[in-house]
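The values are calculated or read from the model by the stated rules, or taken from the named source; none is laboratory data. None of the values given here were measured: they were computed from a predicted structure. As a convention, Cβ positions derive from the backbone with ideal geometry for all residues, glycine included, and neighbour counts pool all protein chains shown.
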Amino acid sequence: MNILYISFVDVRTKTGNHLREMQMLKHLSKKFNITYLNINSKNSHILNYKTKNHLSMDIFQGASFYLKFIRVIFKLNYLLNYLLCSKLNLYSNYKFFLRIGLGSLESYSKIFCFYSIPFHFLKLCDIKTKEILIDTNDVMLNRHNLLKTKVWWSFSQKKESEILQKNTRLIYISSNDKEYYEKQLKFNHQSILIPFSLPEKETFKIETNQKVTIGFIGSNNPFNLHSLTEILDLSKQNSQYKFIIAGTITDKIVMTLPKNVLVFSDNRNSVDFLKEFYKGLDLVYAPAHNKSGIKTKIIEGLSFGIPVVTNTNGYDKSLSILKNNGLFVMEKYTSFNQIVSTALNSEPRKNYLKYLQEVNEYINEINF
């Protein structure tokens with residue numbers, strides 16, 4: 001069977017979105033012939049994305065001028081919202097001022113949307129004869145209130161409720177998201193929970209008798225800026241540890257760092273960047289400032305066999321097999337030393353393999 005997979009992420013960037021997308025693409029490719037349409041990336045960039053990540057999919061082939069038109073209109077919507085919402089403070093929720101439709105979709109048995117954004121922009125609500133799968137991935141409903149910012153995508157309850165059609169199935173990355181949508185939208189709709197996972201990575205042997213090294217990695221978004229502030233505060237209070245900060249969040253560091261904090265930059269854009277970063281860690285610190293989605297850095301750290309400490313926002317019931325067995329939840333800063341000590345004596349590799357098995361068994365039982 002053929003499935004049309006529609007995404008909006010910029011395939012040139014390195015974010016957690018791409019890891020979730022690859023998880024879904026690789027799983028769906030086992031059951032469908034995938035045609036990939038990205039409303040925010042050029043086909044040349046998509047081809048590089050496909051090749052680099054060994055993805056089994058065809059690239060949507062439409063008239064080049066039409067594809068360019070779609071992407072221009074999409075970016076124009078974002079620019080208008082950014083100016084009117086974030087700069088002029090005229091409203092909170094995102095609005096699609098310009099929307100367009102796709103042509104004939106008869107050759108596809110199903111349509112898959114990565115986030116509900118393509119669903120709204122491409123007027124897929126008008127399509128009633130195809131099953132439409134929507135990976136919500138993050139809570140988009142009233143996101144400006146949830147995240148305390150107006151820069152990011154945010155949909156009103158009216159707009160988000162449009163995805164609840166008879167021919168749509170919602171896919172959630174976390175139990176928290178599922179519960180939030182069901183409570184806020186007050187619906188009993190067909191939905192699927194597919195927790196986020198990454199393949200097991202190489203295990204590194206940590207040298208002993210060295211200062212315990214704690215790592216934080218993130219992109220330069222507002223939420224990671226909050227986390228950066230937290231980890232710098234922790235470093236000042238815990239000089240016995242070494243802290244390493246990585247990712248594009250390092251571009252935002254303008255202050256003088258404490259002596260026990262190092263920056264791990266990816267200036268070479270190395271394919272081995274993550275491997276090199278995690279190789280030097282004893283522990284990953286991955287706080288979260290909202291309960292939406294699953295924090296990629298949590299799963300990533302565990303996939304490398306490294307224990308992870310998060311806060312209450314970073315924990316989700318879908319990760320229960322890992323709680324206190326690789327993943328540790330810190331409820332207050334005063335318990336940091338104790339929780340680090342406990343985490344360093346855990347066996348994250350063993351429990352992460354159980355988590356992978358649990359996720360894979362669950363996914364294999366799902367009937368798309």
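Please go through the range 297-310 and give me each residue that is of a type outside the set (Val, Ile, Thr) and touching a strand residue (DSSP E or B) at 6+ places or on another chain (Cβ under 7 Å), ordered by number.
If the condition is that a residue be of a type outside the set (Val, Ile, Thr) and touching a strand residue (DSSP E or B) at 6+ places or on another chain (Cβ under 7 Å), then Lys297, Gly301, Leu302, Pro307 are the ones that fit.
Please count how many residues of the range 151-177 are within 21 Å of Ala288 (Cβ to Cβ), surrounded by fewer than 21 Cβ atoms within 10 Å (Cβ to Cβ) and not small (Gly, Ala, Ser).
4
Mind listing just one residue for me: the one in the range 1-54 that is part of a helix (DSSP H, G or I) and of a type in the set (Gly, Ala, Ser) and, of those, farthest from Tyr78 (Cα to Cα)?
Keep residues of the range 1-54 that are part of a helix (DSSP H, G or I), which gives 16-28, 43-52.
With the extra rule that they be of a type in the set (Gly, Ala, Ser), the set shrinks to 16, 44.
Details: Gly16: 20, Ser44: 22 Å.
Among those residues, the one meeting the criterion is Ser44.
Name the single residue that is surrounded by the most Cβ atoms within 10 Å (Cβ to Cβ) among those in the range 333-363 being part of a helix (DSSP H, G or I) and of a type in the set (Asp, Glu).
Selected residue: Glu358.
Could you give every pair whose Cβ atoms fall below 8 Å, whose first residue belongs to the range 1-21 and is more than 22 Å from Glu300 (Cβ to Cβ), and whose second residue is modelled with pLDDT under 90 and charged (D, E, K, R), counting only separations of at least 6 or pairs across chains?
Met1/Lys31
When only residues in the range 309-332 that are exposed (fewer than 14 other Cβ atoms within 10 Å of the Cβ) and not acidic (Asp, Glu) count, which is modelled with the highest pLDDT?
The selected residue is Asn324.
Residues Cys85, Cys113: which one is among the hydrophobic types (A, V, I, L, M, F, W, C), assigned to a strand (DSSP E or B) and in contact with a Ser or Thr (Cβ under 9 Å, 6 or more places away or on another chain)?
Matching residue, one of Cys85, Cys113: Cys113.
If you scan the range 313-340, which residues turn out to be closer than 13 Å to Asn351 by Cα, in contact with a helix residue (DSSP H, G or I) (Cβ under 7 Å, 6 or more places away or on another chain) and in contact (Cβ under 8 Å) with a residue 24 or more places away in the chain? Can you show your working first?
Start the filter on the range 313-340 by keeping residues that are closer than 13 Å to Asn351 by Cα, which leaves 319-328.
Filter once more, keeping what is in contact with a helix residue (DSSP H, G or I) (Cβ under 7 Å, 6 or more places away or on another chain): 321-322, 325-328.
Scanning the range 313-340 gives Ile321, Leu322, Asn325, Gly326, Leu327.
Among the numbered criteria (1) part of a helix (DSSP H, G or I); (2) out of contact with any helix residue (DSSP H, G or I) (no Cβ under 6 Å at 6 or more places or on another chain); (3) surrounded by 13 or more Cβ atoms within 10 Å (Cβ to Cβ), which one does Leu79 miss?
Checking Leu79 against (1) part of a helix (DSSP H, G or I); (2) out of contact with any helix residue (DSSP H, G or I) (no Cβ under 6 Å at 6 or more places or on another chain); (3) surrounded by 13 or more Cβ atoms within 10 Å (Cβ to Cβ), the one that fails is (3).
Report, ordered by the first and then the second residue, all pairs with beta carbons closer than 8 Å, sequence separation of six or more or different chains, a first member in the range 293-312 that is among the basic types (Lys, Arg), and a second member that is assigned to a helix (DSSP H, G or I).
So the pair list comes out as Lys295/Gly16; Lys295/Gly314; Lys297/Gly16.
Look at the range 234-249 and say how many of its residues are part of a helix (DSSP H, G or I) and either surrounded by 20 or more Cβ atoms within 10 Å (Cβ to Cβ) or in contact (Cβ under 8 Å) with a residue 24 or more places away in the chain (or both).
Looking only at that region, the number is 5.
Is it true that Asp282 is over 30 Å from Asn145 (Cβ atoms) and either in contact with a strand residue (DSSP E or B) (Cβ under 6 Å, 6 or more places away or on another chain) or of a type in the set (Gly, Ala, Ser) (or both)?
Values: over 30 Å from Asn145 (Cβ atoms): yes; either in contact with a strand residue (DSSP E or B) (Cβ under 6 Å, 6 or more places away or on another chain) or of a type in the set (Gly, Ala, Ser) (or both): yes.
Spelling it out, Asp282 is indeed over 30 Å from Asn145 (Cβ atoms) and either in contact with a strand residue (DSSP E or B) (Cβ under 6 Å, 6 or more places away or on another chain) or of a type in the set (Gly, Ala, Ser) (or both).
Across the range 197-223, which residue is modelled with the highest pLDDT among those that are charged (D, E, K, R) and over 20 Å from Asn351 (Cα atoms)?
Lys211
Tally time: how many residues in the range 1-26 are in contact with a strand residue (DSSP E or B) (Cβ under 9 Å, 6 or more places away or on another chain) and of a type in the set (Lys, Arg)?
So the first thing to find is which residues in the range 1-26 are in contact with a strand residue (DSSP E or B) (Cβ under 9 Å, 6 or more places away or on another chain), and the list is 1-11, 17, 20-21, 24-25.
After this cut, where a residue has to be of a type in the set (Lys, Arg) as well, the list is 20.
Looking only at that region, the number is 1.
Determine whether the range 76-99 contains at least one residue that is assigned by TED's automatic domain parsing to the domain that holds Phe155, within 25 Å of the chain's Cα centre (by Cα), without any contact (Cβ under 8 Å) to a residue 12 or more places away in the chain and under 17 Å from Asn38 (Cβ atoms).
Yes, the conditions are met somewhere in the range 76-99.
Of the residues that make up the range 278-299, is at least one of a type in the set (Phe, Trp, Tyr), assigned to a helix (DSSP H, G or I) and more than 24 Å from Ser174 (Cβ to Cβ)?
No: zero hits.
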